[in-house]
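Structure first, then comments.
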Amino acid sequence: MVDQNAQTKDQADRDRILNDLEINLLVEAGAGSGKTTSLVGRLLALIEFGIRIEHISAITFTNKAANEMKERFRLALEKAHWRSADSSVVRERLSAALGNLDLIFIGTIHSFCGSLLRERPIEAGLDPSFEEMDEESDRHFRASCWDDYMAQLNEQERLEYEELLSLRVDVNTLQDVYNRVSFFTDVELPCKERLRPDFERIRDTLFPLIEEALPYIPMNEPEKGWDAVQKLVRQTHQKLRYIDMADDMQMLDIAKEFDRQLVVTLNRWTSKEHAGEMKKRFADWQTIVLYPFLQEWREYMYPKLIRFVRPVLHYCRQRRYAAGKLNFQDLLQEAAKLVRENSEARMYFADRYKRLLVDEFQDTDPIQAELMFLLTGESEDGTFEKDWRRLTPRSGSLFVVGDPKQSIYRFRRADISIYNEVKARIQECGAIMRLTANFRSVRSIGDYINGQFVGKFPPSESEHQAAFVKMETYADNPAGKGNRQTPHGIYVFPYPKMVGGKAAVAHTDAEQVARYISWACHRGNLQIAERDGESRDAVPGDFLILTKTREFIHLYAEQLDLYGIPADTSGSTTVYDELLALWQLARCLDDSADKPALLAVMRGMLFGLSDRQLWAYKQGGFRFSLYELPDLGACEEDARPVLKVLQKLKVYLNWVRTSSAATAFSRIVEDLGVLPYVSTLPAGSVRAGTLVKMLQLLHRDPLTSSSWSELCRQVERMLADRGMETSSLYAGGGQAVRVMNLHKAKGLEAPIVFLACPCGESDHDATQYIDRSADLAAGYFTISKTIGQFKTEVVAQPAGWNELNELERAFSNAEKDRLLYVAATRPKQMLVISLYPDQPAKCPWTPLVEGMNLARELDVPAMSLEQQPELTAGPDLRGAAKARQLRIERVAEPTYAVISVTDQTKAAGEKPEWSAEGRGMAFGSVVHQAIELLGKGLPEAKLDDAIRMLASEEDLAEKHVAQAVRVVRNVLASELWQRSLQARRRLFEVPLMFRKRADEAGVLGHGGDAGHEVAASAMEGSDSVSPAPYILVRGVIDFLFEEEDGWVIVDFKTDHVTDVKLPSFVDFYQPQVQSYAAEWERTFGLKVKEAGLYFVQLGIWARGF
């Protein structure tokens, strides 16, 4: 039970957050300390203090966190407003904030930067309609730019590329360099030229050593095989017989072969004494010659690779900006540049956002530090200063929340050094608060965390590591009631040594975890302690499974599914068979003439044809083609399934050609029944959810959804490498076990947390180092290529990398401890740690039990897998379809109809006899538009040109153009037009829409059943059994003007009318203009003095009243 009213040891700091509003604060909020509550409290306090809501900005780490903060802030505002005294100043401020809640910015740093740039795109030098690309879109755009750049290399670039190829650098390695440095476009890439190493050192030292070793290697292979040195010496000696020893690249290949651990097994040599000597001499040669040589070679290669990719980075940036696209890094850099370089823009935004609140600052991009100081800071002498380090935030303008113990995103540009620098700066101009109270975890977990991390974190912060801060827990350990268990604290799952490697360990752990969760959720076997001291039965949503890496996440979902437990995965990537099969089918339909692809689809899981059936079809003399298909009767029994599949594929091909790509793909998936099929397989909810996610992604991208070839390429990209990220049908529902890698768990919590998958940990050298100690950051990268499935080879590295590697390893090792802290602080009630004692170095969770005298093993009762019931009778699909259709018809029943005033008139009046000499609707449209243009200022001298333009747009025959000009000029010369020139106001083509009941829809001047006739007319073509109760009547008043005593409404008529037939046309159209007049008076309360029809052919004004 948590006592919400208890005074915490950090209460003074919590009070300052709410009360010291005119001082800059950095709050170090430990896990479970209620930092979101503190942030919302600060926001509310600022409003009550008198800060207008539009002057506040709160920046969060994720969109999910932003949405949560928005909702909690809104609720806090409403509660405070309800409790405040009537007619108080505070109530007025809260009321104003509630009324303008949409004016506050609460969102991620990227969306914040996007909003700045959208307000000032011209000053930023950007396309005002720029698009923001997500990570996936950016990756695809970057790949496209690389392909285009490589396809159009100029002569100099091609020479550089060919030189790199000759130096054993392939195009995939170059692209990998390009992709990696693309993430750090804000840093310099130092790459000073290096001298080419002397290959004679290898020739002069290695070859004599090989010759000396050969006599002591037996002629026949030893019983247990050649040792590493023997094998290399024999292979190299054979190569030297046929390679060109003067070729440096051949020498390089040989040298790299010796870049490994050279094991010498003494008893496999002819002389143990000489074997021992060879062991020492080869080891000395590696140290003295080989390693320095390879280092020099990599340093020689590094500037060549960096120089080659630099222009590609520039090309990609130009392409992005020309296309009006910005990635996340562009948003940060351009926003910072805007407020750094433009004094007016900085002043504007500093005045706009007077109070800046930043959450999760320990893991944000370093550019954010610059941006927030530029927006809130001022120089000592008041001048415009571009260096953010020389600015001091204005009093109370900056409120930063973070926890350096949870800084875990260095691989995504987060830098704890920047956090420490900002902390020191704020300490100079404000104060540092610490929230140490923990309201999440029970005391047994808090005691465990304090005991484990007091030795992992230093007493005071260092360059690499946060300081240890004791966690003060306030949740009591739960007490069990009766026979029901309420376990709490720390438990372990230790596993004995097993064969099968890490895959076997992960599978065993997944089965154990799934079985325990199944037991816990069965009949209330496990109780979850609530904050009020009560308990309840455990449900799947109470469990969180965390792995260090993403590799085996899907295994846990699959095992849970076997026990009937829903799972929601995040961060897992895999390739399911059905996704590959659908990709093969898409490629086949993209090129139906590709016979191997067609056969692969027919034999694959989607259609499952056998070789016997395919052979029978071929023996029948038929071609494997989607065209010229034989009749079913012409095929033998075994060949008929092949014909049916080809017919089905032909239907699919027609869908591809007649529908949008994404629509056709979805129809194919639905027709094949892939979704219901995979949902019945193990981990069916995840497999089905991943397929649904693929369909959603394909529909979301405009290019992919419209082009079948692009759709094929997109699916191929999704499944490349380790496959696409999985999803679950239960995603977002909150009632499933959450399974994710540790980096995805930031900010999450659960009653029961499993630290799973006790394998796969490795200790490796750094691959990059970013030095931000200087004003201009510098980036250094090692460049590697993959050889086979497991081996990587370093191709290039910057000079002095050994020292840089040690610096980066100090940061990464410190971050490993912080990752463990994040993992250990997620649970509320119970933490279960999976261990593999036989290989402790390969278990990521081993450090969490170091020094523990006794770790309680968690007992897992036996549970049987969920038995899927066998269906003995199918559902009544016909009845379900009929019921569904009836529901659709009821929902489709209209509640209103829409007709035009003209339709209303035609339905209710007696139609006159039109002349066969009429010029059509195009003529009337041209005349109306020309009159409107003249009324809005078109000079009469340009009338002929205007009518010709309108005639072209409306497809009016050339022979009628002169008549249109004459008719319009007659209107301009008419008495009616001259009257309008003296009017107060003139309006043209005024649209109207008004609602009437069906029984009121009769036009003015008509009685009887006219309204019902109109309603019935409006419902023509509908399946409705009854007319709509309401009708929306729409129309357009051609021309109206206001005189001293009222409005005049004019409806121009271009019908070909003779004097004899004029009365019948007046009678027919008069209700229409009268309806306009009635609605003008009823709706707007404006008096209509006159309304009528102007027949432009005759030049006659026929007043309706």
For this session: May I ask you to verify whether V339 is touching a strand residue (DSSP E or B) at 6+ places or on another chain (Cβ under 6 Å) and assigned by TED's automatic domain parsing to the domain that holds G114?
Result: no
Exercise. So, in the stretch 543-559, of the ones that are over 22 Å from the mean Cα position of the chain (by Cα) and under 12 Å from L748 (Cα atoms), which residue ends up surrounded by the fewest Cβ atoms within 10 Å (Cβ to Cβ)?
Worked result: L544
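A quick yes/no check of all residues on (1) in contact (Cβ under 8 Å) with a residue 40 or more places away in the chain; (2) in contact with a Gly (Cβ under 8 Å, 6 or more places away or on another chain); (3) crowded, with 16+ Cβ neighbours inside 10 Å:
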site: V795; (1), (2), (3): yes, no, yes
site: A810; (1), (2), (3): yes, no, no
site: A824; (1), (2), (3): yes, no, yes
site: C843; (1), (2), (3): yes, no, yes
site: N853; (1), (2), (3): no, no, no
site: R856; (1), (2), (3): yes, yes, no
site: P861; (1), (2), (3): yes, no, no
site: D876; (1), (2), (3): no, no, no
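Residue under question is D537, and the condition is that it be touching a Gly at 6+ places or on another chain (Cβ under 9 Å) and touching a residue at least 40 places away in the same chain (Cβ under 8 Å); does it hold? Can you show your working first?
Numbers: touching a Gly at 6+ places or on another chain (Cβ under 9 Å): yes; touching a residue at least 40 places away in the same chain (Cβ under 8 Å): no.
Taking the combined requirement at face value, the residue does not satisfy it.
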For this session: With respect to E975, determine if the residue is assigned by TED's automatic domain parsing to the domain that holds D1067, modelled with pLDDT of 90 or more, closer than 25 Å to V1088 by Cβ and among the acidic types (D, E).
Result: yes
For this session: Please enumerate the residues belonging to the stretch 496-516 that are closer than 13 Å to K842 by Cα and of a type outside the set (A, V, I, L, M, F, W, C).
Result: K497, G501, K502
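When residues of the stretch 394-450 are filtered for being of a type in the set (D, E) and outside the structural domain of E54 (by TED's automatic domain parsing), how many remain?
Within the stretch 394-450, the subset of a type in the set (D, E) is 403, 415, 421, 428, 447.
Keeping just the survivors that are outside the structural domain of E54 (by TED's automatic domain parsing) gives 447.
The qualifying residues number 1.
Considering only helices (runs of 4 or more DSSP H) fully contained in the stretch 43-155, which possess at least 2 residues that are more than 23 Å from I17 (Cβ to Cβ), within 20 Å of the chain's Cα centre (by Cα) and modelled with pLDDT of 90 or more?
Numbers: elements: 63-83, 89-99, 109-119, 121-124, 135-151.
In the stretch 43-155, the matching helices (runs of 4 or more DSSP H) lie at 109-119, 135-151.
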For this session: For the stretch 313-329, state whether one or more residues are of a type outside the set (A, V, I, L, M, F, W, C), part of a loop (DSSP other than H, G, I, E, B) and more than 30 Å from V187 (Cβ to Cβ).
Result: no
Exercise. Could you count how many residues in the stretch 571-605 are of a type in the set (A, V, I, L, M) and surrounded by fewer than 20 Cβ atoms within 10 Å (Cβ to Cβ)?
Worked result: 8
Exercise. Looking at F457, F411, which one is under 15 Å from D817 (Cβ atoms), of a type in the set (A, V, I, L, M, F, W, C) and not in a strand (DSSP E or B)?
Worked result: F457
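Yes or no: the stretch 697-709 includes at least one residue that is assigned to a loop (DSSP other than H, G, I, E, B), in contact with a helix residue (DSSP H, G or I) (Cβ under 8 Å, 6 or more places away or on another chain), under 26 Å from K64 (Cα atoms) and small (G, A, S). Steps first, please.
Restricting attention to the stretch 697-709, the residues satisfying the condition of being assigned to a loop (DSSP other than H, G, I, E, B) are 701, 707.
If we keep only those that are in contact with a helix residue (DSSP H, G or I) (Cβ under 8 Å, 6 or more places away or on another chain) as well, we get 701, 707.
Checking which are under 26 Å from K64 (Cα atoms) leaves us with 701.
Next, only the ones that are small (G, A, S) stay: none.
Taking every residue of the stretch 697-709 in turn, none turns out to be assigned to a loop (DSSP other than H, G, I, E, B), in contact with a helix residue (DSSP H, G or I) (Cβ under 8 Å, 6 or more places away or on another chain), under 26 Å from K64 (Cα atoms) and small (G, A, S).
Could you please find all residues in the stretch 251-295 being polar (S, T, N, Q), surrounded by fewer than 16 Cβ atoms within 10 Å (Cβ to Cβ) and over 19 Å from R234 (Cβ atoms)?
Step one: filter the stretch 251-295 for residues polar (S, T, N, Q), giving 261, 265, 267, 270-271, 286-287, 295.
With the extra rule that they be surrounded by fewer than 16 Cβ atoms within 10 Å (Cβ to Cβ), the set shrinks to 261, 267, 270-271, 287.
Matches in the stretch 251-295: T287 only.
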Problem set entry | From the options V539, V575, residue that is within 31 Å of the chain's Cα centre (by Cα), of a type in the set (A, V, I, L, M, F, W, C), at negative phi and at pLDDT below 90 | V575
Problem set entry | Members of the stretch 15-66 found to be in contact with a helix residue (DSSP H, G or I) (Cβ under 6 Å, 6 or more places away or on another chain), of a type in the set (S, T, N, Q) and buried (at least 23 other Cβ atoms within 10 Å of the Cβ), listed by number | N24, T60
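I want to confirm something. Restricting to the stretch 196-253 and keeping residues that are among the aromatic types (F, W, Y) and more than 28 Å from T265 (Cβ to Cβ), which single residue is modelled with the lowest pLDDT?
Residues of the stretch 196-253 among the aromatic types (F, W, Y): 199, 207, 216, 226, 242.
Within this subset, residues satisfying the condition of being more than 28 Å from T265 (Cβ to Cβ) are 199, 242.
Details: F199: 95, Y242: 87.
Ranking the qualifying residues of the stretch 196-253, first place goes to Y242.
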For this session: Return yes when T383 is surrounded by 21 or more Cβ atoms within 10 Å (Cβ to Cβ) and not in a helix (DSSP H, G or I) and no when it is not.
Result: no
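Just checking: which of the strands (runs of 3 or more DSSP E) contained wholly in the stretch 773-860 hold 1 or more residues that are basic (K, R) and under 17 Å from Y448 (Cβ atoms)?
Working: elements: 778-781, 783-787, 791-796, 827-835.
Strands (runs of 3 or more DSSP E) meeting the threshold: 827-835.
The values are calculated or read from the model by the stated rules, or taken from the named source; none is laboratory data. As the structure is a prediction and not an experimental result, all values here were calculated from the model. Virtual Cβ from ideal backbone geometry, glycine too; neighbours counted across all protein chains shown.
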